[in-house]
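Peer 1: Just passing along the structure, written as structure tokens.
The values are calculated or read from the model by the stated rules, or taken from the named source; none is laboratory data. All of these numbers come straight from a predicted model, not from anything done at the bench. Here the Cβ positions follow ideal geometry from the backbone for every residue, glycine too, while neighbour counts run over all protein chains shown.
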Amino acid sequence: MSAMAFPPWAVWLMLLGLAAFAGMIALSIRRNRGIRRTLFAFPYGLWIVVFTLIPLLLIGYYAFTDRSGAFTLDNFRTFWDSNFEMRKQMLDMGFDPADLGIARGNVNMDTLIYSLWMAFLCTLICLAMGYPAALFMADRNFKLGSTLVVLFIIPMWMNFLLRTIAWMSLLEDNGLINTLLGALGLPRMQLMYNSRAVLLGMVYNYLPFMVFPIYNALSKQDPKLSEAAMDLGANAALTFFKVTLPLSLPGVISGITMVFMPSVTTFFIPRVLGGGNTEMFGDLIERTFLSADNWNLGSALSLIMMVLILLSLTTLRKFDPEGEGGTMI
Amino acid sequence: MQERPRLINLENISKEYDGVRVLSDINLYIRKNEFVTLLGPSGCGKTTTLRIIGGFERATTGRVLFDGQDITDLPPYKRKVNTVFQKYALFPHLNVYENIAFGLKVAKRPRDEIRRKVEKMLALVNLRSYGKRSVESLSGGQQQRIAIARALVNEPEVLLLDEPLGALDLKLRQEMQLELKRMQQMLGITFIYVTHDQEEALTMSDIIVVMKDGYIQQIGTPKDVYDEPKSAFVANFIGQSNIIRGEMVHDCLVNFCGADFPCVDKGFGSNAPVDVLIRPEDLQIVPEDEGRLKGIVRSVLFKGVHYEMIIDSGAMRFKVHSTVMQPEGSTVGLDVIPFNIHIMKPMPKEETQFEEATQSEEETA
Amino acid sequence: MSRMFKRGYLALMLLFLYVPILVLIVQSFNAGVSRAKWQGFSLKWYIDLFNSASIINAFYITLTIALLSALFATILGTLAAIGIHAMQKRPQGIMMTLTNIPMTMPDIVTGISLMLLYIFTRIPRGYFSMLLAHITFNIPYVILSVMPKLKQMNKFSYEAALDLGATPGYALRHVILPSVMPGVITGALLSFTLSLDDFTISYFTTSPLVQNLSTLIYSEARKGIKPTMNALSALMFVALLVLLLAVNRRANLVKETK
């Protein structure tokens with residue numbers, strides 16, 4: 001397995017990092033007070049710079065340059081108008097693109113809007129399905145609750161590509177569901193290759209991310225609080241809406257974040273279950289990079305994606321300023 | 001007893017965090033076998049002072065001497081002092097025995113010596129059969145004893161205690177106060193004790209160091225500090241007190257609330273403004289026209305041993321403790337004997353009378 | 001009634017989550033290639049599995065990358081958490097923000113940014129680049145599992161050890177590490193499973209010549225997945241399940257003896 005041998009530059013890189021670390025430790029042994037503990041974070045700091053910050057800067061660099069490396073905003077113009085390049089060339093050649101009937105191309109924008117809409121629907125469905133599940137499991141009288149939560153995690157151990165592909169065998173024209181329908185004498189349905197199938201795949205994959213944080217928030221809640229509400233005269237429904245639900249909001253926010261973010265950038269699921277006519281933004285980015293080989297546009301699209309996600313995150317954080325929402329673990 | 005050698009010397013210690021000064025000009029010596037208490041409200045710098053002695057913080061300026069040796073730059077693990085931490089800081093992954101044995105193991109003592117010493121310590125703190133127990137299964141009081149045993153087993157010359165009883169309830173606390181005092185006398189170790197509880201300080205200490213805002217306010221025996229507070233702050237912090245603006249007419253005569261009172265203080269000059277301190281239990285209630293002052297009883301509270309009455313006399317409001325109750329609204333006379341009047345240099349206006357000693361929560365340094 | 005409803009609801013949910021997995025496992029025992037028709041029980045695909053060089057190779061790569069990346073991420077992350085914990089407020093805040101960046105970044109952006117880095121620095125994409133990428137996305141999870149344990153620790157524990165004569169190194173090994181061990185283990189397990197399951201980032205950081213299971217499945221998805229792959233996933237799934245039960249059992253035993 002020759003591909004697994006560490007290339008020599010890697011050895012040098014590691015040695016350099018280690019030498020820097022050792023140097024810092026040596027420098028810090030101040031008057032026999034031992035090493036400073038803060039230095040333990042040094043290798044990680046170096047790691048972040050090399051493997052997180054520089055790559056991000058590279059995306060920024062490619063997004064604002066053209067193939068020759070000159071500064072340009074054309075990548076963002078192309079995002080807004082996918083025909084931008086073509087129209088520019090025509091203008092250069094002396095044609096008026098409007099005369100030729102070439103209008104603004106809205107493929108990229110439409111894909112973004114479609115992705116956001118799908119992610120929104122997915123989050124909404126996950127919330128509607130996941131909240132009751134979390135609520136029932138967090139019930140203190142339900143002894144199996146904590147065991148069931150584990151059952152929600154286990155499916156995630158199966159490779160997610162395979163799980164998604166497994167849905168194909170259920171949804172196909174000759175798949176299990178249609179076979180069952182046929183056996184019952186019901187008409188067969190076109191279940192695959194549409195937005196609904198993609199949505200199903202997304203909900204299937206991301207549902208556990210909604211259930212955990214909500215379950216965490218609910219099970220941490222002091223049962224005395226709802227008892228107090230009942231004691232003060234609130235009935236079960238009122239107790240839920242006035243006490244339990246508001247107190248579980250951090251978990252809900254965290255769940256929404258954890259579902260929405262990967263949903264927007266989903267790629268692969270639309271390809272398998274959507275059959276190619278339901279391209280989402282993740283697929284668009286991948287295709288732009290690897291098939292169209294246009295890193296500049298791809299970087300611009302990635303940048304737009306990140307800005308959108310950061311915006312939605314900061315908006316969501318406003319509802320949960322403490323950041324107390326239970327995370328997955 | 002005053003002739004014991006000085007063990008610890010703090011010289012001109014000051015400490016800043018990010019440009020904020022938390023300790024200024026601390027000069028303090030501690031003699032061998034003394035029980036010294038650093039007393040003050042939260043944020044006064046008492047814990048920081050202790051941590052500087054322990055070696056966990058370094059003074060921005062100044063020196064720490066131990067037995068004449070400069071230990072300012074010595075790390076904690078090379079100092080012959082041990083600490084009982086706030087909230088104990090027992091190691092949760094070790095059992096009681098292993099916790100106490102920690103220091104001896106670090107010092108690579110032989111196994112049977114460790115066993116002998118740990119058993120002895122367990123006996124000293126009355127937890128003989130608890131060695132195998134996990135520290136988390138113990139009550140607060142027991143954890144406290146383990147923390148003390150863990151520090152004492154290393155036979156330190158000085159034991160530092162940082163609000164060690166802060167987390168215990170009142171009854172347990174009083175028990176532990178006596179027990180700590182007993183241990184200190186038995187073992188003959190210097191104790192440096194940090195607390196914000198003036199009662200604790202008065203009960204246990206040989207010397208009290210009152211601190212405020214990073215400065216030492218007064219150093220003295222409990223009796224000195226209680227009876228002869230050097231400032232209104234000390235007077236207020238240690239016990240309750242009435243502090244009245246007055247004027248020194250001449251030596252041994254002071255005027256306040258429009259009346260002249262003989263006193264025993266001298267050296268403040270003639271017609272000089274002063275603060276007059278009278279403890280609530282030192283004000284005597286006398287028939288209306290026999291006292292030098294007259295007042296109306298505003299409120300009465302039963303406090304168990306005594307009644308606490310608020311009595312208005314002119315513009316002044318006095319707090320008086322007495323075993324005899326006067327009905328609310330009645331007019332009474334007030335008097336005080338010369339010995340119970342304490343004269344102090346006047347303090348800035350903010351802290352006048354009736355501020356109760358700030359019994360704030362422990363410092364979060 | 002409401003009790004029945006609650007249980008029924010949860011059962012439906014679990015059915016939804018498990019049906020595809022059951023289908024997958026059943027298919028792995030199916031004698032035929034068809035996804036929908038049962039053509040009799042067979043262990044054929046399991047036998048095929050051990051003869052398929054590409055799958056065995058991908059499995060080997062997936063497993064070693066998961067182990068190595070978990071190992072490195074755990075070491076780096078634990079050290080980092082201890083370091084960050086000892087920092088003052090402001091640098092601590094900066095470090096935690098930096099730690100959160102890769103976690104909030106979509107996988108696809110992480111993958112692409114790393115791909116750009118490798119291309120830009122002419123680092124060939126392959127096993128090593130994929131390993132580095134996996135370490136990168138695992139470290140923050142380790143930090144976030146170790147950090148709470150450090151915060152829970154009595155803040156004077158470390159000082160207490162120094163006070164009792166322990167050098168900083170001794171205190172680190174005998175006081176800090178044992179107290180944060182549960183967090184370290186959680187972080188390591190989490191890293192391992194995240195790495196096992198990763199597709200997107202691996203996809204962008206490796207070459208077609210070095211494939212882990214996810215990228216192999218992806219490249220075969222169009223041609224149609226062979227039930228051999230199902231057989232492997234079923235085996236891995238069961239292995240993980242057994243592992244979990246064992247860990248759980250041990251945790252319970254430890255609890256009881258305490």
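Peer 1: Can you pull out the residues in segment A:42-72 that are more than 10 Å from chain C (Cβ to nearest Cβ), among the hydrophobic types (A, V, I, L, M, F, W, C) and in contact with a Phe, Trp or Tyr (Cβ under 7 Å, 6 or more places away or on another chain)?
Peer 2: A:Phe64, A:Phe71
Peer 1: Mind listing just one residue for me: the one in segment B:308-343 that is aliphatic (A, V, I, L, M) and part of a loop (DSSP other than H, G, I, E, B) and, of those, modelled with the lowest pLDDT? Don't jump to the end; show me each part of the working.
Peer 2: Of segment B:308-343, the ones aliphatic (A, V, I, L, M) are B:309-311, B:315-316, B:320, B:324-325, B:332, B:334, B:336-337, B:341, B:343.
Those still in the list that are part of a loop (DSSP other than H, G, I, E, B) too: B:315, B:324-325, B:336-337, B:341.
Working: B:Ala315: 82, B:Val324: 87, B:Met325: 87, B:Val336: 90, B:Ile337: 89, B:Ile341: 89.
Looking at the filtered set, the residue picked out is B:Ala315.
Peer 1: Go through B:Lys132, B:Lys108, B:Lys117, B:Lys32 for me and flag whichever is more than 20 Å from B:Leu165 (Cα to Cα) and free of Cβ contacts under 8 Å to residues at least 24 places away in the same chain. Walk me through how you get there before you give the answer.
Peer 2: Details: B:Lys132 fails: free of Cβ contacts under 8 Å to residues at least 24 places away in the same chain; B:Lys117 fails: free of Cβ contacts under 8 Å to residues at least 24 places away in the same chain; B:Lys32 fails: free of Cβ contacts under 8 Å to residues at least 24 places away in the same chain.
Answer to the selection: B:Lys108.
Peer 1: With respect to A:Ile253, is the statement that it is in contact with a Gly (Cβ under 6 Å, 6 or more places away or on another chain), assigned to a helix (DSSP H, G or I) and β-branched (Val, Ile, Thr) true? Full working, then the answer.
Peer 2: Details: in contact with a Gly (Cβ under 6 Å, 6 or more places away or on another chain): yes; assigned to a helix (DSSP H, G or I): yes; β-branched (Val, Ile, Thr): yes.
Considered against the rule, which asks whether it is in contact with a Gly (Cβ under 6 Å, 6 or more places away or on another chain), assigned to a helix (DSSP H, G or I) and β-branched (Val, Ile, Thr), A:Ile253 comes out as yes.
Peer 1: Let me ask another. Right, A:Leu290: within 16 Å of A:Tyr62 (Cβ to Cβ) and either at the interface with chain C (Cβ under 7 Å from one of its Cβ atoms) or surrounded by 18 or more Cβ atoms within 10 Å (Cβ to Cβ) (or both) or not? Outline the logic, then answer.
Peer 2: Numbers: within 16 Å of A:Tyr62 (Cβ to Cβ): yes; either at the interface with chain C (Cβ under 7 Å from one of its Cβ atoms) or surrounded by 18 or more Cβ atoms within 10 Å (Cβ to Cβ) (or both): no.
The answer is no for A:Leu290.
Peer 1: State yes or no: is A:Asn205 within 11 Å of another protein chain (Cβ to nearest Cβ) and in a loop (DSSP other than H, G, I, E, B)?
Peer 2: Answer is no for this residue.
Peer 1: For segment A:164-195, give me each residue that is surrounded by fewer than 16 Cβ atoms within 10 Å (Cβ to Cβ) and charged (D, E, K, R).
Peer 2: If the condition is that a residue be surrounded by fewer than 16 Cβ atoms within 10 Å (Cβ to Cβ) and charged (D, E, K, R), then A:Asp173, A:Arg188 are the ones that fit.
Peer 1: Could I ask something else about it? Determine the pairs where a residue that is more than 7 Å from chain C (Cβ to nearest Cβ), located within segment B:73-101, has a partner that is part of a strand (DSSP E or B) and surrounded by fewer than 19 Cβ atoms within 10 Å (Cβ to Cβ) with Cβ atoms under 6 Å apart, the partner being 6 or more residues away or on another chain.
Peer 2: B:Asn95/B:Ser134
Peer 1: I would also like to ask the following. Name every residue in segment A:201-217 that is touching a Phe, Trp or Tyr at 6+ places or on another chain (Cβ under 7 Å) and more than 12 Å from C:Leu17 (Cβ to Cβ), in order of residue number.
Peer 2: A:Gly201, A:Ile214 - these are the residues of segment A:201-217 that are touching a Phe, Trp or Tyr at 6+ places or on another chain (Cβ under 7 Å) and more than 12 Å from C:Leu17 (Cβ to Cβ).
Peer 1: Please go through segment C:141-151 and give me each residue that is within 9 Å of chain A (Cβ to nearest Cβ) and either touching a Pro at 6+ places or on another chain (Cβ under 9 Å) or small (Gly, Ala, Ser) (or both), ordered by number.
Peer 2: Correct list: C:Ser145 only.
Peer 1: Still on this structure, I have one more. Search segment A:60-84 for residues that are closer than 20 Å to A:Leu112 by Cα and pair each with any residue that is assigned to a helix (DSSP H, G or I) and of a type in the set (Val, Ile, Thr) when their beta-carbon atoms are under 8 Å apart and the residues are at least 6 apart or on different chains.
Peer 2: Cβ pairs passing all conditions: A:Phe76/A:Ile304; A:Phe79/A:Ile304; A:Ser82/A:Val107; A:Phe84/A:Thr78.
Peer 1: Under 6 Å between Cβ atoms, which residue pairs at least 6 apart in sequence (or on different chains) link something in segment B:175-190 that is assigned by TED's automatic domain parsing to the domain that holds B:Gly54 with a partner that is hydroxyl-bearing (Ser, Thr, Tyr)?
Peer 2: So the pair list comes out as B:Gln177/B:Thr203.
Peer 1: Related question: Please work out which residue is modelled with the lowest pLDDT, limiting yourself to segment A:22-41 and to residues that are at the interface with chain C (Cβ under 7 Å from one of its Cβ atoms) and outside any helix (DSSP H, G or I).
Peer 2: Top of the filtered list is A:Gly34.
Peer 1: Further question: Quick check, is C:Ala160 farther than 29 Å from C:Tyr118 by Cβ and in contact with a helix residue (DSSP H, G or I) (Cβ under 6 Å, 6 or more places away or on another chain)?
Peer 2: In short, no.
Peer 1: If you take just the helices (runs of 4 or more DSSP H) that sit entirely in segment C:173-226, which of them hold at least 2 residues that are within 14 Å of chain B (Cβ to nearest Cβ) and not aromatic (Phe, Trp, Tyr)? Break it down stepwise before answering.
Peer 2: On the way: elements: C:177-197, C:200-205, C:213-221.
Those helices (runs of 4 or more DSSP H) span C:177-197.
Peer 1: Filter segment A:208-237 for residues that are more than 14 Å from chain C (Cβ to nearest Cβ), without any contact (Cβ under 8 Å) to a residue 60 or more places away in the chain and part of a helix (DSSP H, G or I) and give the result.
Peer 2: A:Lys224, A:Leu225, A:Ser226, A:Glu227, A:Ala228, A:Ala229, A:Met230, A:Asp231
Peer 1: Restricting to segment C:146-171, name every residue that is free of Cβ contacts under 8 Å to residues at least 60 places away in the same chain, part of a helix (DSSP H, G or I) and not charged (D, E, K, R). Steps first, please.
Peer 2: Just the residues of segment C:146-171 that are free of Cβ contacts under 8 Å to residues at least 60 places away in the same chain, to begin with: C:148-149, C:152-171.
Filter once more, so that each one left must be part of a helix (DSSP H, G or I): C:148-149, C:152, C:157-163, C:168-171.
Answer for segment C:146-171, where residues must be free of Cβ contacts under 8 Å to residues at least 60 places away in the same chain, part of a helix (DSSP H, G or I) and not charged (D, E, K, R): C:Pro148, C:Gln152, C:Ser157, C:Tyr158, C:Ala160, C:Ala161, C:Leu162, C:Pro168, C:Gly169, C:Tyr170, C:Ala171.
Peer 1: How do the helices (runs of 4 or more DSSP H) wholly within segment A:72-150 filter down when requiring 2 or more residues that are in contact with a helix residue (DSSP H, G or I) (Cβ under 7 Å, 6 or more places away or on another chain) and of a type in the set (A, V, I, L, M): which remain?
Peer 2: Where helices (runs of 4 or more DSSP H) fall fully within segment A:72-150 and carry at least 2 residues being in contact with a helix residue (DSSP H, G or I) (Cβ under 7 Å, 6 or more places away or on another chain) and of a type in the set (A, V, I, L, M), they are A:107-138.
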